[in-house]
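In what follows, a structure is listed as structure tokens, so that the remarks can point back to it.
No lab work stands behind these numbers, since they all come straight from the coordinates. Values in this document were obtained by computation on a predicted structure and should not be read as measured data. Because the Cβ atoms are built from the backbone with ideal geometry, glycine has one as well, and the counts that use them run over all protein chains shown.
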Amino acid sequence: MKLFRERAWLAAVLALTAAAIVGLAVLQYRWNRQASEATGVRLADALQLSMVNWHLDLFRNLSEVCLTIRMAAEFSPEGDLNQFADRFAEWRSIARYPDLVANVYVIDRTSPDGHLQTFRLNPGSGAFSRVEWPASLGTLGADLQASLGEAPEPAPAVRRQLTESFYNIGAALRDWRFEPAVPALIRPLSLDSAASRKEAGGRAVQWLVIQLDEQVLRSRILPDLAHRYFQGTDGLDYEVAVVSGSPPQRVIYASDLGFGEQEVVDADGRMDVFGRAWDEAARPPISIFHRTSDNSGPTAAVGVSWFPLLRETPPSDDWQLVVRHRRGGPLGAFVADMQRRGLALSFGALFLLVLSLSMLVITSIRAQRLARLQMDFVTAVSHELRTPLTIIGSAADNIANGVVESRAQLHEYGSVIGEQASRLSGLVERVLLFAATRDGQQRYVAQLLPPSEIIDTALASAEGLIRAAQFTVERDVPPDLPPIVGERMAVAQCVENLITNALKYSRDERWIGIRARLVEDARGEQQVQISVSDRGIGIAPEDLPHIFEPFYRSPSVRRSQIHGTGLGLALAKQVAESMGGALTVTSEPDRGSTFTLALRCAGGLAAGQAAGSVDGPLFTTSLHPPRPTAR
């Protein structure tokens, strides 16, 4: 009943511990995901803010010249282009990058034949002069006529997007368009007379074209913006590129050699540099590796501005800002890796906790079991001591009280006292020997021992018990076995212990078999195996793993009230292993057991002895011939 309560208590503790660990594992997983998600949102917000500020700064540089020249377009008299030259000179005097504008053109289609006339601003003279169509403008003329001159009125939804979806571009810049192929900023010029507007059918007949210097963009403006908004403590934190076109892409700017030439599939952020009307099914203008905060990211506060494109082009041809984290790989992979590392550390700590608790439980169980075995040992030793002490005390009382009168009775009583004293001495010696072997204090001196002599010595020591119990001993020991290596008394005591166990645990069939054979072990070395068999009660399978443990006695043995201390087999196994041998058992309940003592032959040790080997802390090799056996 007590054992059942202990097991029930242990099961309850284990169940509660397992539930607590599972709950802690779930919480750790959730906390780790929340921390990784918060880190991802924070990094995404920071990256989006940097990209938005990068774009706003680029937009500011481009919009300054547009705003300055727009004033000339609104307030100059009809046909007076000098105002453009004055405003352009004014912009160059205050601009951060005065070389950004390569040329300023006015393109006119008011000629009777409808052909385009091109006028170029000469910065030196401050006047426009007619020139041939510049090759650098490419097919811009056809695009102007198709996009702004004769294009049909857009649908209401697209018109609303053109006026609203480009965020806060403002009325002052709403008429400007961007042509990425040149690159250039383009604005239609209003007709100043009603007659001119009627003659043109309400369509634009003049365009102001500001051609940008791509080299200045590539070598000055874009690098400055990259270092301004993506700079870290040790240089750029991100690889930055502005690209256009399908792979292989045209790289307008790249912070690192080769970056952006191919599609960057693991980019942390993408942004369209110039705008187009788009809906929810199309690609968003800004794409970040991770979701931003619930307020739609920093753009909800600062806004974003785009110059709309002059004409409809494939989305792959847009100018795109592409960024990827330089240190530690892409941020998406970094966040995922951080989550994996966090989970690994968390579950590693939980594993160590489970391991520690398991070791604590196992140690506690073993400590309880050892304490129980020790109490059983104390009980068994007390019982073993009580019997001879009672006999010795009774014999002494009888002698003292004059019950013993004749010399024959006195001799008989003296023999009984001597026998019980020897029994007590043997018990004390076994306990002391077990303590010495457990502490590593026992030393054995190896000798060359004939197996037959060892077996005869053990049988002679147990002869009285064998004769009293009326056992039949079947001895099968070939005379030509090679000598074994061991200490004479220790080996004989091991064999005697096995014989005593066979006597103790036998039933009605009073038979013991002793056999010796020469075999080879797994390493190919020769050894002699001495087996002691009985036909007794046997050993249950659940008891076999514990049979050689100190103080262990199976429940069936305790119920049968068979005397013993639980030290004999443990001591025999320790002695055998100290001499480089082994002690094993095979058993079947109700059919008997066979204990086998295996010791090395002298040939294997002689080779080791020649090399000067020592067999272990409990076994000192010192070969000398065997002593004569006293019979």
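Using 0.36 nm per residue and subtracting the Cα-Cα separation, the extra length available between Glu90 and Leu24 on full extension is 16.8 nm. Look at the dipole of region 331-438 built from charges on Cβ: of Ala400, Ala367, Gly418, the Cα furthest out on the positive end belongs to Ala367. From the square roots a ≥ b ≥ c of the eigenvalues of the alpha-carbon gyration tensor of region 451-556, which class results: rounded (a/c under 1.5), prolate (a/b over b/c), or oblate? Oblate.
Considering only Cα atoms, the convex hull volume of region 331-438 works out to 95 Å³ per residue. Multiplying the residue separation of Ala333 and Gln374 by 0.36 nm and subtracting their alpha-carbon distance yields 8.9 nm. Ranking of Arg386, Arg515, Arg250 by neighbouring Cβ atoms within 10 Å, starting from the fewest: Arg386, Arg250, Arg515.
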